Every structure is written in structure tokens, then in C-alpha cells.
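Everything below concerns the one structure shown next.
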Amino acid sequence: MFKSFIFTVFCVLLVTVDSARCEPVPAAAGADQIQVLIDVSGSMKQNDPDNLRIEASRLLVNLLPDGAKAAFWLFAEKTAPLSATDSVSAAWKQQASKAIGNIHSRGLYTHIEDAIQTVLDQGFTAGGKKHLILLTDGFVDISKDIMQSADSRERILSEWIPKLQQQNINVQTIALSEQADKELLEKLAFETGGWAETAQSAEQLQRVFLKMAQKAAPKETLPLTDNKFQVDSGIHEFSVLVFKKPHAAPTQLVAPDGKSISKQSMVANVSWLESQSYDLITVKQPLIGEWRLVAEVDPDNQVMIVTDLKLQLSEIPNFLGENETLPIKAHFTDKDTLITRADFLGMLTLEVIQDQQAPAKMQALAAEPGFYQHQVEHFSLGKHLLKIVADGKTFKREIIHEIEVVATPITVEKHVDAAQRQVSLKLLPDTKLIDPAGLVVNAVISQTGHEPETRPLTNKDGVWLLDLAGLPPQTTTHVNFNVMAKDHDGKPLTPAVTPLSIDDSWFKPAEQPAAVEPSGSKSEHQEDPNQEASADSHGEADSETHPAPAEHKTNWLLVGGILLAINVFFGVGGFFIHRYLKKSQAEKQQQLLERLS
């Protein structure tokens, strides 16, 4: 009887969804996309004489998550695919690892512009998060004519960065050697919300590629303390990355049952990728309990996991202004379902650790059961390592994120006119650091489907102004700032101004009236209320001139009775559906708790 009632209510709900004009559930985002550009110009003979780019690239291949769309490219004077863009799988990794052996150092030039253009034209598709990893050891070099190279570099700054922003592509850059154009690489990373690293030597590439993999496809990890880690019943697979020094003893893993595993053990559920500088050991369906790593302790060693029980974080930016605070919000899911069970949450402790400092406890949000939050403050300039660690007594989880705090000698004030869809920006320099007489600011404005427009900002009483009027709806407008400045001694400065992405959310508060009429009293479209009002006024005028026949009058008592019956029906039905779904979810989470205990 109950199931029959539920089915009846469900059918009625399906029929009424369209008339209620419910907002559709957003489609699932596409797979992550990762494109990797490897410099093979002749200068690599000096900066990577042992071709350690091969080992580092193989590590990156094996760190990429299954299902992501990925490809590797080689570039010098031209850009050519090394591995085809395809979904990451065991077969793709095998093919890509083999192709990686073709990395060389025979190129004539370093045509970074062509590399970026080729990947944008051929590598990326619509949907999903997009990451471009760029490894180079030099400056833009496309010809013997240095002016042609200078023009190419300028086009990267003025044209290609806005196009990368338009497509929401995060650029991760790696400068191999101090001779690389670090200013260009850092600007590519900063302006696109990516990340920049410098490898002082080719031997550091593996560790740098690990950081880039974490940025492009972050993985949940287990805390590794004194080379020990705890595996719980919710973990389907783990991968231990072990960095080795030259002539180090062979790495071993000791399982909870005391059995020692090495590369020669030939265990069915263990795969072992070995190189001179690292081991990557993957164990499927591992034993529950404490595992031990027999190797030299290294802060970059990690235990990455595949699990249904996931620690989820709000998006954390890669760059932060020096006076900004960083709110971190976290929750747990089981098979992508939020866990709100009091008995589960009662066992849970979440902490934020910044740069090896004392842990700060995250606080539960009373208004949002299952969510925890902490505000990190007082960052100094430079790079900082954040660890978010969850302890559930019978399990642990950890997420590592690195951020960079940058100086902000220029602040941006925003003024929004929602009715006109206009945004006014005011840039205010810190005159203690910057000489206003030597400050020049250009804004590069770009929208999808349009060529970027460069517009100089006007200086009015020490404030640099930019007005953006008539911004179209359902379109994101990217604003990137190119700043040339000097200090009071005439020394050139390159102050960073965070790019802006202006979308409909900027105008949302003004579009929602303070007094909201009951649901269903207005049509979905903005113009419909006026049309309805006009129609009503015409109807009233017509009724005064031509009274409606008696047989067409509405029986409001009957309508009220029907509406009351429908409300009661849906109220009772909704109650039982809610109780049924809540009971089902509670049973699933109880099963999770039983597994963990």
C-alpha cells in the first residue's frame, strides 16, 4: 500500500514539474583536461644533459587520474604531439610511457607562442577543468631576428593570456634553469590562476612534476608519519610515491600481517614502477591496518588513495593577496553523498596545519550539518603549505595544498550598477611604494567569441579608472591588467593585479527584489510580469465594457477546494517521501560506520 502511494505521488510530481518550471539540475561537468608541453630545444643539452625529462614525464603520466583527457606535446620551432589526446587508462599510460622515450634536445628555437596556440587549437575540448603544464628552459626564441621574438613574447602577454582566460585554462609553468624567462612564466601562471615553479636542476624535475600533478588533478592522501600509514576499510587502492637518493637500498613495504613486499615479490595486487630517483607502488584492495614503508624518510613522499569515503574542500585559490584571509570549508561524502550522521560526525576532528605550525581546529557549522570551516589569517609574503587533516578515529584523510601570497601595492575598488549592467573599477596605487607619475595601466578585456580589446586606464586625481558598460548577460568578461610602474628612485616595478572575471553573479543581488511574491505568482521570464499586468488591465477594461456571460464565471469555492486537496495530497506525500529517503540514506551511512568500525 505504501509503495503504491509513493508511486502515485511520484507520477503526479513528474507531471507537475514542467508546469512548476523547476530549475533543471546542472549537467555533470566533463572530464578534467590536462595538456603537457615539453621543451626540446637544443639548450636542453646543457640544462638536462641526462634527459631526466623522460623519468619526470613518466612519473607525471602515472600520476594522472583515470578518466581525465590528457596528451603530451614536444615543442621547439614547431609543436608536435607525443601522445594523442585521449582518456587516461592503463592502456593510455602504457602507450604514453613508451612515447615519452622520444623526448630529445635537437630543436632549433623555443617557440612558446606556437606551442600555446597549437594546444588551444587541437588539445582542449569543451567542458571539464582545463590545465596546461609548460616546461621550458629558455626565453621566447622564434628567429634570428630578436625583434620577431620580442613581438611573439608581447603577443603571448596581450593576446594569448586573455584567450587562456576566456577558456578557463590554468597554466602550470616550470622553469628549468635560471636562464628561463621566469617573468613571462610567472605571469602566465598568475594571470590564469595556475602555478609557477623553478627547477634549479633536472634532478628536481620529479618533485616539481609531482606538485604540478597535485595542482592539475589533486588526490586525497593518507598522513605518512615516521614512514607509517593507516589503511581503513573504505580504501580500494593506494599508491605510495617514494623519492630515493643515489645508491639507496631497495624500497620495501611491510603489510599489516607482517609480510614484506619488494619489487621482486611478484604480488598479484601490487604494481611497481621503479626508476633511479623514485618508486611508485600501487596496491589494490589492500589489507586493513598499519602499513610501514622501509625507505629513507622524505617530506615529499606521499600515500595517494582511491576511496568512496572522501574529504571534500571548497575551492582554494593558488594566489592570495598579502592582506587577504583564506576561508576553508570541508565536508565528507560517501559515494558522493554528504554525510550528516551525528554518530559519524561525533567521531570526526578536522584540523588545518600551516607550514608545520600548531594545528588549528576546524569548527562545525550549526546551520550546515556535516560542514566545517576555518579562516586562515596573517599570511606572510611567499609560498605556504597547507594540510587539511581529518581524523575519524578509525580512519584518516589528508589534503595538501600550496598557495602563494603576493604583494598588492595596487588595490581595486569595484562599483556595480546592476540595472545598467555596468561595472566601474578604480585602481588605487600605494604611493609609498609606487611613483604615480610613472604608472601606466592597460586593461585587456576579453569575452568568448570576441577578440581581446586593450584599453588604457585614465588617471583622475591619483585614481586609475575603467568603466565597463552594457555587459551582456550569460557571458563572462575577463579583465587582465598590464601594469608598468616605478618606485620613487626610478627603479622599474611589476606589481601584480589579480585578474577579474565578471559574470552574472556580480549583478545578482540587484536582480532579486527584497519583497518576493509567492512562488508561482510570476512567470519565469523577467518581461512576463509586465505583460501579465498589461493583459490584466486590458481584461478589466473589457469586462467593464462587455460583461462576461454568467456561465463563464469561475466557481472560486470549487477552485479553493481543489487547491486545498492538492496541497494536502502533496504535503502528506512529500512527508512520506522525505521520511523514506532519509531512512534509506541513514541505512547506507550506518553501513559505512559499521565498515569503518
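The values are calculated or read from the model by the stated rules, or taken from the named source; none is laboratory data. The shown structure was predicted, so the numbers you read here are calculated from the model rather than taken from an experiment. Using ideal geometry, Cβ is built from the backbone for each residue, glycine included, and neighbour counts are taken over all protein chains shown.
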*Any chance the range 262-273 includes a residue that's among the aromatic types (Phe, Trp, Tyr), in contact (Cβ under 8 Å) with a residue 40 or more places away in the chain and not assigned by TED's automatic domain parsing to the domain that holds residue 203?*
no
*Considering only the range 81-116, state which residues are over 19 Å from residue 139 (Cβ atoms), in a helix (DSSP H, G or I) and touching a helix residue (DSSP H, G or I) at 6+ places or on another chain (Cβ under 6 Å).*
93, 96, 97, 100
*Output the number of residues of the range 117-158 satisfying the condition of being among the β-branched types (Val, Ile, Thr), in a helix (DSSP H, G or I) and over 29 Å from the mean Cα position of the chain (by Cα).*
1
*Members of the range 77-89 that are over 14 Å from residue 61 (Cβ atoms) and either of a type in the set (Val, Ile, Thr) or in contact with a Leu (Cβ under 6 Å, 6 or more places away or on another chain) (or both)*: 77, 79, 80
*Looking at residue 273, is it modelled with pLDDT under 95 and out of contact with any Gly (no Cβ under 6 Å at 6 or more places or on another chain)?*
yes
*Mind checking which residues of the range 50-76 are in a loop (DSSP other than H, G, I, E, B) and within 13 Å of residue 205 (Cβ to Cβ)?*
50, 51, 52
*Would you be able to tell me the number of residues in the range 188-214 that are under 21 Å from the mean Cα position of the chain (by Cα), polar (S, T, N, Q) and either outside any loop (DSSP other than H, G, I, E, B) or surrounded by fewer than 22 Cβ atoms within 10 Å (Cβ to Cβ) (or both)?*
1
_Can you tell me which of (1) under 18 Å from residue 479 (Cα atoms); (2) buried (at least 19 other Cβ atoms within 10 Å of the Cβ) is the one residue 434 doesn't meet?_
(1)
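Given the structure, is residue 311 modelled with pLDDT of 95 or more, on the phi < 0 side of the Ramachandran plot and touching a strand residue (DSSP E or B) at 6+ places or on another chain (Cβ under 7 Å)?
Considered against the rule, which asks whether it is modelled with pLDDT of 95 or more, on the phi < 0 side of the Ramachandran plot and touching a strand residue (DSSP E or B) at 6+ places or on another chain (Cβ under 7 Å), residue 311 comes out as yes.
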*Do the conditions hold for residue 405, that is, is it farther than 30 Å from residue 300 by Cα, among the aliphatic types (A, V, I, L, M) and assigned to a strand (DSSP E or B)?*
no
_Unmet criterion (only one of (1) assigned by TED's automatic domain parsing to the domain that holds residue 441; (2) at pLDDT below 90) for residue 519_ = (1)
*asked:* Could you go through the range 142-156 and let me know if any residue there is touching a residue at least 60 places away in the same chain (Cβ under 8 Å) and assigned by TED's automatic domain parsing to the domain that holds residue 201.
replied: yes
*Which one of these does residue 71 not meet: (1) among the small types (Gly, Ala, Ser); (2) modelled with pLDDT under 95; (3) under 30 Å from residue 283 (Cβ atoms)?*
(2)
*Look through 404, 351, 368 and report the one residue that is under 25 Å from the mean Cα position of the chain (by Cα), more than 27 Å from residue 224 (Cα to Cα) and either buried (at least 17 other Cβ atoms within 10 Å of the Cβ) or among the acidic types (Asp, Glu) (or both).*
368
*Can you spot a residue in the range 63-80 that is touching a helix residue (DSSP H, G or I) at 6+ places or on another chain (Cβ under 6 Å), in contact (Cβ under 8 Å) with a residue 60 or more places away in the chain and buried (at least 17 other Cβ atoms within 10 Å of the Cβ)?*
yes
_Just to check your reading of the model, which residue among 462, 382, 370 is assigned by TED's automatic domain parsing to the domain that holds residue 492 and at positive phi?_
462
*For residues that are of a type in the set (Asp, Glu) and touching a residue at least 60 places away in the same chain (Cβ under 8 Å), tally how many sit in the range 162-217.*
3
_Given the criterion under 30 Å from residue 217 (Cα atoms), in a strand (DSSP E or B) and at pLDDT below 95, identify the matching residue among 399, 445, 388._
445
*If residue 294 satisfies every condition in (1) within 21 Å of residue 88 (Cα to Cα); (2) modelled with pLDDT of 95 or more; (3) surrounded by 15 or more Cβ atoms within 10 Å (Cβ to Cβ) but one, which is the exception?*
(1)
*Quick one: what pairs do we get from the range 337-359, first residue within 15 Å of residue 394 (Cβ to Cβ), second of a type in the set (Val, Ile, Thr), C-beta under 7 Å, 6+ apart or different chains?*
339/333
*What number of residues in the range 228-273 are buried (at least 17 other Cβ atoms within 10 Å of the Cβ) and either under 30 Å from the mean Cα position of the chain (by Cα) or within 24 Å of residue 68 (Cβ to Cβ) (or both)?*
15
